[in-house]
Amino acid sequence: MAARNLLLSYYGDDLTGSTDVMEALELGGVPTVLFMRQPDPSLLARFSHCRAIGLAGTSRSETPQWMEENLTPAFEWLKGLGAALCHYKICSTFDSSPAVGNIGRAIEIGRRIFGQSSVPMVVGAPQLKRYTAFGNLFAAFRGAYFRIDRHPVMSRHPVTPMNEADLLVHLSRQTSLSSGLIDLATLQADDLAQTVDRLLQDKDVVLFDVDSRETQKRVGEQLWRIHGTGHGFVVGSSGAEYALLAEWAAKGIVSGHATFAPPGPVDRLAVVSGSVSPTTEKQIRHALAHGFDGVDMDAMRLVSESAGEAIEQAVAAGLASLANGRSVILYTALGPQADRGVEIDRIEGARNTLGRALGTILRRLIAEQKLKRAVIAGGDTSSHALGQLAIDALTVRMPLPQSPGSPLCVAHGGGAIDGLEIALKGGQVGTDAYFETIRLGS
């Protein structure tokens with residue numbers, strides 16, 4: 001595999017995050033494939049032209065014990081690919097906790113598998129309007145910027161609310177590993193490389209600030225410099241890719257840009273949504289006001305003993321709209337005020353069950369109406385829903401510069417799924433017109 005000259009392998013802690021990385025790499029001129037599970041040799045050979053290989057996961061919504069059992073073989077497989085770097089991709093909002101999506105545990109496993117004493121970490125990504133300054137994370141919401149612990153959405157996340165903006169303090173609640181910071185002032189210093197090397201010797205985790213394209217470029221220079229000194233396992237958001245791409249382009253390793261022809265419109269689009277985000281709420285309301293039909297589904301019924309009946313009713317409603325030539329959105333919530341999370345969490349594994357139910361509904365709609373394009377909304381939802389579609393791999397069909405992190409992809413698999421165009425949208429991602437933009441394919 002090393003003969004392929006792979007630049008990067010990565011594990012995405014959820015599906016939307018995994019496609020976020022793929023989009024960044026493709027825009028930077030790096031052909032990339034994202035596998036839904038470890039591929040067999042014949043499937044891997046179909047994508048021999050790719051210089052980056054991803055593996056989609058669900059660790060953002062899993063326990064530390066699950067991580068130990070599942071990240072260990074995943075990291076071992078990724079290490080065996082022989083890429084120059086391996087990236088454990090986390091959400092750019094860093095939302096995590098000791099019990100769910102524990103980033104510290106993932107770092108511990110990665111250090112062990114890659115035999116790496118210190119792990120560099122990059123979270124800031126100006127392209128996504130995420131910034132780190134002196135270790136604190138800031139994120140945009142509707143044109144304003146908030147420290148993450150004061151963010152209108154992420155400070156109130158239904159599973160992993162962010163109540164601490166200092167990322168190394170937040171991380172310290174998840175691991176006993178020591179940590180250090182390359183802050184904005186240090187990034188401007190003449191002795192940056194020496195400071196980075198010293199901190200990598202002294203600390204188990206080293207966070208790099210990123211607050212602009214300029215500091216991102218400097219971070220990329222350091223990541224590429226240190227990868228050859230035994231620091232090829234990296235943790236962070238897609239900000240790591242954006243930083244590296246700037247360095248790769250400067251060194252002529254990649255072209256630095258790629259072009260994509262818009263696929264054009266489809267007559268009908270099916271969307272399933274398990275997101276409770278106010279961003280997704282606005283997108284659903286916008287779509288309903290612009291010609292989409294809506295099907296309001298009861299989340300509790302979809303995880304109860306009557307789930308089969310609820311799924312059939314949702315499928316019937318969706319098919320009726322599609323048969324009449326209309327696009328349809330089937331959703332379990334319209335914003336955080338409709339969140340049933342407290343009730344759902346009383347049932348063990350119910351969130352995963354809900355995602356699988358939405359995937360089952362979408363699979364039926366695609367098959368019975370021979371749809372060419374579809375959307376799954378919600379980060380955790382996407383990871384579990386897509387598993388019901390029997391997709392082997394994804395590649396990028398069309399990036400969305402106005403909504404970075406949520407590209408239109410092409411599915412590779414068997415039967416009617418092969419060639420399906422599908423977008424996986426995280427809760428906080430996209431403009432109000434996101435669903436209509438996907439339908440129009442431009």
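Points to keep in mind about this one:
- Scanning the stretch 22-52 for residues that are touching a residue at least 12 places away in the same chain (Cβ under 8 Å) and farther than 19 Å from residue 85 by Cα yields 36, 37, 39, 43, 46.
- Test for residue 109: is it among the aliphatic types (A, V, I, L, M), without any contact (Cβ under 8 Å) to a residue 60 or more places away in the chain and in a helix (DSSP H, G or I): yes
- Some residue of the stretch 245-265 being open to solvent by less than 40 Å² (accessible area, probe 1.4 Å), among the charged types (D, E, K, R) and more than 25 Å from residue 441 (Cα to Cα): yes
- Any hit, the stretch 93-106, residues being closer than 24 Å to residue 139 by Cα and touching a His at 6+ places or on another chain (Cβ under 7 Å): yes
- Filter pass, residue 326 being in a helix (DSSP H, G or I) and basic (Lys, Arg): no
- Scanning the stretch 424-442 for residues that are in contact with a Pro (Cβ under 7 Å, 6 or more places away or on another chain) and on the phi < 0 side of the Ramachandran plot, we see that the one that is surrounded by the fewest Cβ atoms within 10 Å (Cβ to Cβ) is 442.
- Candidate set: the stretch 373-393, residues that are of a type in the set (S, T, N, Q) and under 13 Å from the mean Cα position of the chain (by Cα); chosen: the one least open to solvent (accessible area, probe 1.4 Å): 382
- Within the stretch 244-274, considering residues that are farther than 30 Å from residue 350 by Cβ and hydroxyl-bearing (Ser, Thr, Tyr), the one farthest from the chain's Cα centre (by Cα): 255
- Scope the stretch 279-323; condition open to solvent by 30 Å² or more (accessible area, probe 1.4 Å), in a helix (DSSP H, G or I) and not charged (D, E, K, R); matching residues: 286, 288, 300, 308, 313, 316, 317, 319, 320, 323
- Residue 185 outside any helix (DSSP H, G or I), open to solvent by 20 Å² or more (accessible area, probe 1.4 Å) and over 30 Å from residue 279 (Cα atoms): no
- Residues in the stretch 394-431 that are closer than 26 Å to residue 350 by Cα and either outside any loop (DSSP other than H, G, I, E, B) or among the charged types (D, E, K, R) (or both): 422, 423, 424, 425.
- Qualifying residue in the stretch 83-91 (condition: basic (Lys, Arg), modelled with pLDDT of 95 or more and surrounded by 23 or more Cβ atoms within 10 Å (Cβ to Cβ)): yes
- Test: residue in the stretch 399-418 that is polar (S, T, N, Q), open to solvent by 10 Å² or more (accessible area, probe 1.4 Å) and either over 20 Å from residue 45 (Cα atoms) or out of contact with any helix residue (DSSP H, G or I) (no Cβ under 9 Å at 6 or more places or on another chain) (or both): yes
- Among the residues of the stretch 334-363, those identified as hydrophobic (A, V, I, L, M, F, W, C), touching a residue at least 60 places away in the same chain (Cβ under 8 Å) and surrounded by 18 or more Cβ atoms within 10 Å (Cβ to Cβ) are 354, 358, 361, 362.
The values are calculated or read from the model by the stated rules, or taken from the named source; none is laboratory data. Since we're looking at a predicted model, the values are computed, not measured. Positions of Cβ are backbone-derived with ideal geometry, glycine not excepted, and every protein chain shown enters the neighbour counts. Side chains included, ligands, DNA and RNA excluded: accessible areas come from the protein's heavy atoms. Shrake-Rupley method; radii C 1.70, N 1.55, O 1.52, S 1.80 Å.
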